[in-house]
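Okay, so here's the structure we're looking at.
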Amino acid sequence: MRLEMRLKEVLKERRLEQKELAQMAGLTERTISELCTNKMKRYPKDVLEAIMSALQIDDLNILFRIKGN
C-alpha cells in the first residue's frame with residue numbers, strides 16, 4: 001500500500017489553479033506542483049497545514065487516499 005495525494009483532484013473540484021493555491025497558502029508553485037504530481041516523498045507538516053488552511057479543510061482524508069499495491 002502507498003499513500004497518494006489527491007491535491008490535483010481537490011483543486012479541480014474547487015476550480016483553482018496550482019498558482020492560486022501557492023499564493024493563498026504562501027508556498028512555492030514548485031511545492032504545489034510536486035504535491036499534485038505525487039513526486040514529493042515526504043509531506044512536511046507546515047506545508048500540509050498551509051494547504052489545509054488555504055482550502056479550509058479540516059480532514060486530511062480529503063487530501064489523501066491509500067492505494068493498494
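Of all residues in the range 11-30, none are surrounded by fewer than 14 Cβ atoms within 10 Å (Cβ to Cβ), at pLDDT below 95 and either of a type outside the set (D, E, K, R) or within 12 Å of the chain's Cα centre (by Cα) (or both).
Quick one: how many residues across the range 20-45 are among the acidic types (D, E) and farther than 23 Å from I66 by Cβ?
Here the count works out to 2.
In the range 33-42 there is no residue matching the filter, namely being surrounded by 11 or more Cβ atoms within 10 Å (Cβ to Cβ), outside any helix (DSSP H, G or I), out of contact with any His (no Cβ under 9 Å at 6 or more places or on another chain) and among the basic types (K, R).
Among the residues of the range 43-69 satisfying the criterion of being hydrophobic (A, V, I, L, M, F, W, C) and over 20 Å from M1 (Cα atoms), which is surrounded by the most Cβ atoms within 10 Å (Cβ to Cβ)? Don't jump to the end; show me each part of the working.
Of all residues in the range 43-69, those hydrophobic (A, V, I, L, M, F, W, C) come to 47-48, 50-52, 54-55, 57, 60, 62-64, 66.
Within this subset, residues satisfying the condition of being over 20 Å from M1 (Cα atoms) are 47-48, 50-52, 54-55, 57.
Numbers: V47: 19, L48: 17, A50: 18, I51: 23, M52: 16, A54: 17, L55: 18, I57: 14.
For the range 43-69, the residue satisfying everything is I51.
The values are calculated or read from the model by the stated rules, or taken from the named source; none is laboratory data. All values derive from a computational prediction rather than experimental measurement. Heads up, the Cβs are rebuilt from the backbone with ideal geometry, glycines too, and the neighbour counts pull from every protein chain shown.
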